[in-house]
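Reviewing the structure listed below.
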Amino acid sequence: MYNAMNGSAHPLAAKEMQIEAVPGDERVWVPQADNVWFRPLLLNTVQGQWCNLLRVRRAGILSRHLHPAPVHGYVIKGRWKYLEHDWVAETGSYVFEPPGEIHTLTVPDDVPEMITFFNISGCMIYLDADNRQTGLEDVFTKIDMCRRHYDAVGLGADYVDQFIR
Ligand code: FE
């Protein structure tokens, strides 16, 4: 009951968070593919959702994939485009990826680095050119990737725990 509380949050409420989104410590970035990294912000195991920063450097590609649930993005640095669309996501752009959309993220040759905030629900279903599934990522596989990476770089596997709710 809120009226019986001494603190500022209900006892059942998840713990709040305030962190430096673009950290000075390079080890926080988890390698995803050649020239592609993600930096976890919120790993939401209750709703099957996560927020992260995606960083792609020149020539990096985020493989063709589908989301069964909505994705929201905000471009912090650089610019990028989907091979499947004509538009370019510029610095400051908001991007909405509707459920069912299939796309492949690339960075133009003249962009050394892009960083975009993404709020992703559900999962990423990776597809080949014939739309056959080749892989899947969800909040749990993301947590597993973070654990392995943070253990390997000396931050400790439990470094990821601060981002999990
Ligand atoms: Fe996507």
Item to check | Residues that are within 21 Å of ARG39 (Cβ to Cβ) and either part of a loop (DSSP other than H, G, I, E, B) or away from the ligand (no atom under 11 Å from the Cβ) (or both), drawn from the stretch 99-118 | outcome: THR106, VAL107, VAL111, PRO112, GLU113, MET114, ILE115, PHE117
Next on the checklist: Out of everything in the stretch 144-165 that is part of a loop (DSSP other than H, G, I, E, B) and not small (Gly, Ala, Ser), what residue ends up being farthest from THR45 (Cα to Cα)?
Outcome noted: VAL153
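Name the residues in the stretch 121-137 that are part of a strand (DSSP E or B) and open to solvent by less than 90 Å² (accessible area, probe 1.4 Å), would you?
SER121, CYS123, MET124, ILE125, TYR126, LEU127, GLY135, LEU136, GLU137
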Item to check | Within the stretch 11-24, considering residues that are under 19 Å from ILE143 (Cβ atoms) and within 18 Å of the chain's Cα centre (by Cα), the one least open to solvent (accessible area, probe 1.4 Å) | outcome: PRO23
Checklist outcome for this item: In the stretch 73-98, anything over 19 Å from ALA33 (Cβ atoms), within 11 Å of the ligand (Cβ to nearest atom) and part of a loop (DSSP other than H, G, I, E, B) is listed as PRO98
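The values are calculated or read from the model by the stated rules, or taken from the named source; none is laboratory data. Note that this is a predicted model, so its numbers are computed, not measured. Heads up, the Cβs are rebuilt from the backbone with ideal geometry, glycines too, and the neighbour counts pull from every protein chain shown. Accessible surface areas use protein heavy atoms only, side chains included; no ligands, DNA or RNA. Shrake-Rupley method; radii C 1.70, N 1.55, O 1.52, S 1.80 Å.
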